[in-house]
Structure formats: structure tokens, C-alpha cells
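The values are calculated or read from the model by the stated rules, or taken from the named source; none is laboratory data. In this text the structure is predicted, and so the values were computed from the model without any measurement. We place every Cβ from the backbone using ideal geometry, glycine too, and count neighbours over all the protein chains shown.
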Amino acid sequence: MLEDESALLKQWFDEGRFDARHPVAGCELEAWLIDKRGAPAPVNVECLEMLDEEQASPELSQFNIELNFPPVTLAGDTFTRLHNEIEQGWSRLAGIAGQYNAQCVCCGILPTVREEHLTPDFMSPLNRYAALNEQVLLQRGGEPIHIDVVGHEHFTLDQHDVMLESATTSFQVHMQVPQELAARYLNASMIVSAPLVAVAANSPYLFGHDLWEETRIPVFEQSVASGGYAQAAHGPLKRITFGNDYVRESLWECFEENLRYYPILLPHDFHQPVEKMAHLQLHNGTIWRWNRPLIGFADGQPHLRIEQRVLPSGPTIIDMVANMAFYYGLVQSFVCREQPPEILLEFALARENFYKAAKYGLSTNIRWLDGNNIQISRLVLEHLMEQAWLGLEALGVNDADIKKYLCIVERRVAKGLTGASWQRQYVKQHGNDMHQLLDAYRERQSQSLPVHEWEV
């Protein structure tokens, strides 16, 4: 069935069958459920029973939950509307969690999560998660999953399941794009991933170890490592990856690569017509590029989306919406360029930029489009803020929304106070007590002030 669906998808690309409307924005927020002591609370099943199916879905562990928000056209007061939607969804989740003596918090990696929380005993009771765990280990030939992260400290761990993946929570941003420009949107999305992850970093600690600015990146990549083709444990193509190259002509290239080089991880027969793309969507969903093309449907019409996965959850809703605005504006400005930026920056350099930014944050230097090295904070303040503004104007976003949300990113960068740097400064000043850190983090998150205004 996957082969049949892929053949039909290729036909759709050849025929230009995809929705060509103005770009549309969407997002998904992964949240932590914690108890009064700040430890993970495995109550997502209970919470989900009281939430609308379209609004929320379970994550790998019972202490994570995902909130889904309806897409909106990228124009006018887009970000105000998204901000309100997320606030309402978050408030509802908090109210439901409170009925089970739990609270919710958005943070890339929960400072208080421990190894004992990341066991199959706390896996959400869905067949696909049990199958994912089984198949990853099967494709590894029973070899343990080796975690090795070198940051401010060096952390290693051998896992015999995929549960460490649940230590990482994201704010996933979608952009529905017209087919004729989809390749350029994906390439632009990859290029901007470096400054984006630097300005948004919010995951410095894992099990009390001080690692990367955005430790979520290496942990997620390694926690579900099953390799690429030939069922290799460490194949040439990784299932969680920045990618292997730019798209040259069409997003079909990504789906063709998925079909040709990645073994099916979750075998399942949906008994659905090929037009539904059920098997292709499932297979595509087990290859986690940091910038991932997706197929969706609205009113029976297929459309193309770019899913940007580098953003962590938190520190606050207004920070996350500001990150969205920065991302959409930058991508649009790059797509509007007469000369595609992927011509100016080799893919290998875009990938290197991304991992340097995730590891070192705003202070690191990256190679940019002009061929020069520049510190990310300077790049953002001197060049990218203006470009993001112009990109949002080109989309038709109103000036009030542009100013409100981009200024938050600008002030965060000018002050050098991301979620990650705030956490590090707090620990430096108050000591390495992760529960104390989380208490202070939650208190400030509840005030709804952007992180650059938080007191240390």
C-alpha cells in the first residue's frame, strides 16, 4: 500500500494537485504534567478523557500531552488570534489537570525529570507507542540505545527502550504553502533553523547535567536511533536528522527518499483507499526531520505543509508566539528573494550552523549567506529582525502584531536572556537544585511575562 500511495502522490505532484491558497499557520504544543512536588505526573489518560479529541492527543509518556490548535491564515492579526487560542487551550488543560492534583508546565526538558520516570511503566497505553518501542529495538538487533551528549558536562546513558524521547517537548510550527514555492519554503526553513533554535533555546539541563543550550536536539536524535536503510543500527540516513540535502525541485524528493531508504517502522494495514494516504502519512510520521514536509487534507483537497520542529516548549506562551512570528517572517523573506538563499549557503554549512546554534546558542558564530562568520546575536539584531519584519509585511500581517511579537524576540536577544540562559543564571545564583529551579520557573511562567523580563 505504501508503494501505491507513493505512486499516487508522485502523480499529484506532477499534476499540481495541491491547494495553492495563501500560506496558513498552525501549531502544536507539547506540555508536561507534574505533581505538587514538581515531579512528572502520569495522568494524561485521565486528562484526555475530559479534553476534545481534536484539541489534544497523548504523547509517548503518561506525563506528556499535546495541545493542537486550528490553523489560521497568515495575515492580519494572525498572532494575536493564535496567542488567544493557545491561552484558552492552556487554561482548559490547567483546569482539568488540577482535578487530578496535577499542574501543567511548558519547558523543553523538565528540570526535575529523572531516569526512573523514563521507563515503559509510564508509556501511554497506545498500540503505536508499544510497536514503536518494539520495532526500534528490533531494527537495532537488540543493541541498547546509547546516549552520548557533550556540552558543559559530558552525559552518557544506555537505554533499553525509547522512553528518553519523552524527556523532550516541543512547540511544533506548521506552514501550509503553495506547491510551486514549497521547495523554496522547505530550504528556507532549514537555513533559518540555526538562528531560530538559538533565540528560542530552553533546554539546558537533563537529569541535572548542564549540556547544550537546546539539549532537546541531541537527546531526541539519539533516543529513537534505529538507523537508515538495510535495518542498520547506524545507517547512512538517520530517522531523526537535520536532513541530507536541500530539495532541488519538489518536495516529492523527500517522500521518495522516505520510500526508498527507510524501512517501515510501524507496519499496519488501514484498509483505506490510496487517496487517503494513510500508510504514507504513518511512514512519514516515523522519519523526524527537523524540518519535515507533510501531506494534509482540507475539504478533500490535498495540501503541503512544512513542519518546523526545532522550537522547544516554553518558556511562556507569548515567547512561543513571538518565535512563530520570527520564523514565519524570516522564511517568507527568504522565499521572496530573487536569488534563492540555498544557492548562497551550502547545505553542509546550514546543517553545521544548526548544530552549533543548538549547542552554544546566541554567542556562537555561524557562516551566513554572504560567506562571512557572524555571531548569531549580532546577525539577528543587525539583519534578521528587519528581514522578518519585511517577510511578515509581505504576508499581510498587520503592523501591531509584527511590532508586538518581533520586539519580544529583539529584546530577548539584546539582553541575551533566553529560557536556557535564564535557567543557567538561576542555577549559578541559587544552586543546582532542580526542584527549586522548576518552582521559580513555574512561578514566572504563570505571570505570562516574556522570559527577557524574568528576574533571576
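Has the stretch 148-166 got any residue that is within 14 Å of the chain's Cα centre (by Cα) and modelled with pLDDT of 95 or more? Scanning the stretch 148-166 turns up at least one residue that is within 14 Å of the chain's Cα centre (by Cα) and modelled with pLDDT of 95 or more. The residues in the stretch 140-177 that are surrounded by 14 or more Cβ atoms within 10 Å (Cβ to Cβ), touching a Pro at 6+ places or on another chain (Cβ under 7 Å) and farther than 30 Å from P71 by Cβ can be counted, and the count is 4.
Residues of the stretch 428-456 that are among the hydrophobic types (A, V, I, L, M, F, W, C), part of a helix (DSSP H, G or I) and in contact (Cβ under 8 Å) with a residue 60 or more places away in the chain: M434, L437, L438, V451. Among the residues of the stretch 193-202, those that are within 19 Å of A414 (Cβ to Cβ) and in a helix (DSSP H, G or I) comprise A194, P195, L196, V197, A198, V199, A200. Restricted to the stretch 354-397, and to residues that are of a type in the set (V, I, T) and crowded, with 18+ Cβ neighbours inside 10 Å, which residue is farthest from Y328 (Cα to Cα)? Among them, the one singled out is T364. Residue pairs whose Cβ atoms lie under 6 Å apart, separated by 6 or more positions or on different chains, with the first residue in the stretch 41-57 and of a type in the set (G, A, S) and the second at pLDDT 95 or above and part of a loop (DSSP other than H, G, I, E, B), are A41/D35; A41/F63; A41/A102. Among the criteria (1) outside any loop (DSSP other than H, G, I, E, B); (2) in contact (Cβ under 8 Å) with a residue 40 or more places away in the chain; (3) over 27 Å from P263 (Cα atoms); (4) within 21 Å of the chain's Cα centre (by Cα), the one C107 does not fulfil is (1). A count restricted to the stretch 173-192 and to residues that are assigned to a helix (DSSP H, G or I), of a type in the set (A, V, I, L, M) and either under 28 Å from M434 (Cβ atoms) or touching a Ser or Thr at 6+ places or on another chain (Cβ under 9 Å) (or both) stands at 3. I'd like the full set of residues that are of a type in the set (S, T, N, Q) and modelled with pLDDT of 95 or more, limited to the stretch 205-256. Across the stretch 205-256, the qualifying residues are T215, S250.
Of the residues making up the stretch 38-59, those that are modelled with pLDDT of 95 or more and either assigned to a loop (DSSP other than H, G, I, E, B) or touching a His at 6+ places or on another chain (Cβ under 9 Å) (or both) are G38, A39, P40, A41, P42, V43, E59. Restricting attention to the stretch 342-370, the residues that are free of Cβ contacts under 8 Å to residues at least 12 places away in the same chain and more than 18 Å from Y246 (Cα to Cα) add up to 1. The residue list V321, V380, V397, V335 contains one member that is under 22 Å from T215 (Cβ atoms) and either out of contact with any His (no Cβ under 9 Å at 6 or more places or on another chain) or at pLDDT 95 or above (or both), which is V380.
Within the stretch 28-58, restricting attention to residues that are among the β-branched types (V, I, T) and buried (at least 17 other Cβ atoms within 10 Å of the Cβ), the residue that is farthest from G314 (Cα to Cα) is V43.
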